[in-house]
1. Looking only at the stretch 85-100, decide whether some residue is within 19 Å of G124 (Cβ to Cβ), of a type in the set (K, R) and in contact with a strand residue (DSSP E or B) (Cβ under 8 Å, 6 or more places away or on another chain).
2. Which ones in the stretch 30-43 are among the small types (G, A, S) and out of contact with any Gly (no Cβ under 6 Å at 6 or more places or on another chain)?
3. Keeping to the stretch 98-108, report how many residues are in contact (Cβ under 8 Å) with a residue 12 or more places away in the chain and in contact with a Pro (Cβ under 6 Å, 6 or more places away or on another chain).
4. Which one of these does N151 not meet: (1) in contact with a Phe, Trp or Tyr (Cβ under 9 Å, 6 or more places away or on another chain); (2) assigned to a loop (DSSP other than H, G, I, E, B)?
5. Just for the stretch 1-60: of the residues that are in a strand (DSSP E or B) and among the β-branched types (V, I, T), which one is nearest to Q155 (Cα to Cα)?
6. Provide a single number: the residues in the stretch 111-123 that are in a loop (DSSP other than H, G, I, E, B) and either touching a helix residue (DSSP H, G or I) at 6+ places or on another chain (Cβ under 8 Å) or surrounded by 13 or more Cβ atoms within 10 Å (Cβ to Cβ) (or both).
7. Before we move on, is E85 closer than 25 Å to H119 by Cα, acidic (D, E) and outside any loop (DSSP other than H, G, I, E, B)?
8. Which of the residues belonging to the stretch 70-97 are under 23 Å from C39 (Cα atoms) and touching a helix residue (DSSP H, G or I) at 6+ places or on another chain (Cβ under 9 Å)?
Amino acid sequence: MKNHDDLWVFGYGSLMWRPGFEYDEVRPAVLEGWRRDFCVWSRHWRGTPERPGLVLGLDKGGSCRGLAFRVPGERAAAVIDYLDERELIGYAYQARTLPVRLDGGATVEAYTFVADTAHHHYAGAMPLERAAAIIMDAEGRAGLNRDYLINTIRQLEKDGFAEPGLHRLLVEVERQTGIIEAGSGI
């Protein structure tokens, strides 16, 4: 029987393919009123201060399919501490508890991170070509920024989620990479 103190965590980016914490259950879920977007500057994990990358954030509007992870109550505090250290240090996120609808119809309150539009690391919406150029060039401690994009798309496809905007972004990264490899600068 499920403990009423269980914690649900909603992942929409790297948490989907690298949660970094133990969980007892994972379910596809939808968060209404927020969309997945490359709207946060990364000056550490996927970029540098000199050449920042872009990572995903939840920005207002639309909806977002992701994964909801159930953590038993006795591990909830440790998971929140881990997630806060991972996601809140130096990035434009705010921790929130928001309702997500699990596949099957049940709604649970889930801990997640939304973009802080007032933070100086908030990049906001930008043209596809510019976002692709940033992602194509950036690399940080966790590796290439484009690997973050690729890993996210692979996880979304594995879970059966369609994300046309991210696919368009990947196609543009590939197009720009081809131009550079052919010897023409952008």
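1. First, pick out the residues of the stretch 85-100 that are within 19 Å of G124 (Cβ to Cβ): 87, 90-94, 96.
Next, only the ones that are of a type in the set (K, R) stay: 96.
From what's left, in contact with a strand residue (DSSP E or B) (Cβ under 8 Å, 6 or more places away or on another chain): 96.
Checked the stretch 85-100: at least one residue is within 19 Å of G124 (Cβ to Cβ), of a type in the set (K, R) and in contact with a strand residue (DSSP E or B) (Cβ under 8 Å, 6 or more places away or on another chain).
2. So the first thing to find is which residues in the stretch 30-43 are among the small types (G, A, S), and the list is 33, 42.
Within the stretch 30-43, G33 is the sole residue that qualifies.
3. Residues flagged as in contact (Cβ under 8 Å) with a residue 12 or more places away in the chain and in contact with a Pro (Cβ under 6 Å, 6 or more places away or on another chain) within the stretch 98-108 amount to 1.
4. Single failed check for N151: (2).
5. Within the stretch 1-60, the first condition is being in a strand (DSSP E or B), and the residues that meet it are 7-11, 25-42, 53-60.
In the following step, the residues that additionally are among the β-branched types (V, I, T) were identified as 9, 26, 30, 40, 55.
On the way: V9: 17, V26: 13, V30: 15, V40: 20, V55: 15 Å.
Residue satisfying both the conditions and the ranking: V26.
6. First, pick out the residues of the stretch 111-123 that are in a loop (DSSP other than H, G, I, E, B): 116-121, 123.
Filter once more, so that each one left must be either touching a helix residue (DSSP H, G or I) at 6+ places or on another chain (Cβ under 8 Å) or surrounded by 13 or more Cβ atoms within 10 Å (Cβ to Cβ) (or both): 116-117, 119, 121, 123.
Selection size over the stretch 111-123: 5.
7. Working: closer than 25 Å to H119 by Cα: yes; acidic (D, E): yes; outside any loop (DSSP other than H, G, I, E, B): yes.
Spelling it out, E85 is indeed closer than 25 Å to H119 by Cα, acidic (D, E) and outside any loop (DSSP other than H, G, I, E, B).
8. Passing the criteria: L83, R86, E87, Y93, Q94, A95.
A short reminder: the numbers here are calculations on the coordinates, not readings from a lab. As the structure is a computational prediction, the values presented were derived from the model and not from experiment. Cβ sites come from the backbone with ideal geometry, for glycine too, and all protein chains shown count toward neighbours.
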